[in-house]
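Here is the structure we will look at.
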């Protein structure tokens, strides 16, 4: 935490954003609190059209009213809308994507921010049959990203920004045991969370490789750093006391939002992603909490495992292995969840 504070002294808070066009559409998941709330608010204040994809639409609308009130000094209102999305239901993800694609409008930035870290709780399995960390942090964002490819192509050059975590460095993924339920490994909340974040990085790297240059879509993972959250509430008393002693060294949600905002708006990102592709780099672009390119974990560089994670993920989210190619070519794809996608 001390190191991150020292290394980010050069960054402004909040992150200065370029003026964004009202037609520049950014879809942000999980944005009623924490980092996501800051991402949505700052993009809207910069002028973008922001879509808040959330489970609690009432809470999102209350936030918008507050932001509009705070923004009343400006002549133009904030351009924000709310759509319901529950990442614990892959049917909800498929319905959301179908509804958005039906608009036939461009999507310029998809920010997969929503995530869970259920510290101190027993292993939970979603109604879809998947370990909840893996579903919310990886499977649902993966399904959303792929099903929204038609809209992202309309918005080209566009970006998929996945909010990862430094904890992915201690993660491990067994493509044949994504739920950590076979008994080969002991399940812990840390294993569930770190594995889901590593799977997200691996899947992003293969998606980046499968997207042709003509699609004009950049795939980026970002680390927000160690951010002040309520994750510590289920930890031991000693750990909770220690975390309270050093609040200055942890990022505020506003500071934690910087890397995602940088990845979503900086003009250098597309060129950086193209360079990685031309160099045949094994992983997708990864932006640190310092808003600089960095390397994900050593395990994330394992291409064989990454391709296996890709194949298993596609199977779990109910999509054919050639889905990306078909969507790029404008063909219809049938998903096990929801209905036909255009």
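The values are calculated or read from the model by the stated rules, or taken from the named source; none is laboratory data. Since the model is a prediction, treat every value here as computed from it, not as a measurement. Backbone-built Cβ (ideal geometry, glycine too); neighbour counts: all protein chains shown.
Residue-wise test of (1) part of a loop (DSSP other than H, G, I, E, B); (2) modelled with pLDDT of 95 or more; (3) touching a strand residue (DSSP E or B) at 6+ places or on another chain (Cβ under 9 Å).
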{"residue": "248", "(1), (2), (3)": "no, no, no"}
{"residue": "255", "(1), (2), (3)": "no, no, yes"}
{"residue": "272", "(1), (2), (3)": "no, no, yes"}
{"residue": "297", "(1), (2), (3)": "yes, yes, no"}
{"residue": "306", "(1), (2), (3)": "no, yes, no"}
_Qualifying positions in segment 101-118 - in contact with a helix residue (DSSP H, G or I) (Cβ under 7 Å, 6 or more places away or on another chain) and over 25 Å from residue 269 (Cβ atoms)_ = 116, 117, 118
*Enumeration of residues in segment 81-100 that are surrounded by fewer than 20 Cβ atoms within 10 Å (Cβ to Cβ) and either farther than 18 Å from residue 57 by Cα or touching a helix residue (DSSP H, G or I) at 6+ places or on another chain (Cβ under 7 Å) (or both)*: 83, 84, 86, 88, 98
*From the list 38, 121, pick out the single residue that is in a loop (DSSP other than H, G, I, E, B) and touching a helix residue (DSSP H, G or I) at 6+ places or on another chain (Cβ under 7 Å).*
121
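Whether any residue in segment 29-38 is surrounded by fewer than 16 Cβ atoms within 10 Å (Cβ to Cβ) and either closer than 14 Å to residue 265 by Cβ or at pLDDT 95 or above (or both) is what I want to check.
Our first condition is that a residue be surrounded by fewer than 16 Cβ atoms within 10 Å (Cβ to Cβ); within segment 29-38, this holds for 33.
Those left that are additionally either closer than 14 Å to residue 265 by Cβ or at pLDDT 95 or above (or both): none.
No, segment 29-38 contains no residue that is surrounded by fewer than 16 Cβ atoms within 10 Å (Cβ to Cβ) and either closer than 14 Å to residue 265 by Cβ or at pLDDT 95 or above (or both).
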*Answer yes or no: is there a residue in segment 215-222 that is in a helix (DSSP H, G or I) and under 22 Å from residue 27 (Cα atoms).*
yes
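Table: residues versus (1) under 20 Å from residue 33 (Cβ atoms); (2) touching a strand residue (DSSP E or B) at 6+ places or on another chain (Cβ under 7 Å); (3) without any contact (Cβ under 8 Å) to a residue 12 or more places away in the chain.
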{"site": "107", "(1), (2), (3)": "no, yes, no"}
{"site": "131", "(1), (2), (3)": "no, yes, no"}
{"site": "169", "(1), (2), (3)": "no, no, no"}
{"site": "186", "(1), (2), (3)": "no, no, yes"}
_Is it the case, given these coordinates, that residue 161 is under 19 Å from residue 48 (Cβ atoms), in a loop (DSSP other than H, G, I, E, B) and touching a residue at least 40 places away in the same chain (Cβ under 8 Å)?_
no
*Considering segment 321-334 alone, what residues qualify as being in contact with a helix residue (DSSP H, G or I) (Cβ under 8 Å, 6 or more places away or on another chain) and either in a helix (DSSP H, G or I) or surrounded by 14 or more Cβ atoms within 10 Å (Cβ to Cβ) (or both)?*
323, 324, 325, 327, 328, 333
*For residue 165, work out the one condition from (1) more than 20 Å from residue 108 (Cα to Cα); (2) modelled with pLDDT of 95 or more; (3) crowded, with 21+ Cβ neighbours inside 10 Å it doesn't fulfil.*
(2)
_Filter result for residue 207 (part of a helix (DSSP H, G or I) and surrounded by fewer than 16 Cβ atoms within 10 Å (Cβ to Cβ))_ = no
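Every residue, every condition in (1) within 21 Å of residue 55 (Cβ to Cβ); (2) at pLDDT 95 or above, yes or no:
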position	(1), (2)
100	yes, yes
106	no, yes
131	yes, yes
139	yes, yes
153	no, yes
189	yes, no
194	no, yes
*Only one of 152, 190 that is in a helix (DSSP H, G or I) and under 22 Å from residue 259 (Cα atoms)*: 152
*Does segment 55-80 hold any residues that are surrounded by fewer than 17 Cβ atoms within 10 Å (Cβ to Cβ) and in a loop (DSSP other than H, G, I, E, B), and which are they?*
56, 71, 72, 73, 74, 75, 76, 77
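With respect to residue 145, determine if the residue is touching a strand residue (DSSP E or B) at 6+ places or on another chain (Cβ under 7 Å) and more than 17 Å from residue 55 (Cα to Cα).
Working: touching a strand residue (DSSP E or B) at 6+ places or on another chain (Cβ under 7 Å): yes; more than 17 Å from residue 55 (Cα to Cα): yes.
Criteria met by residue 145.
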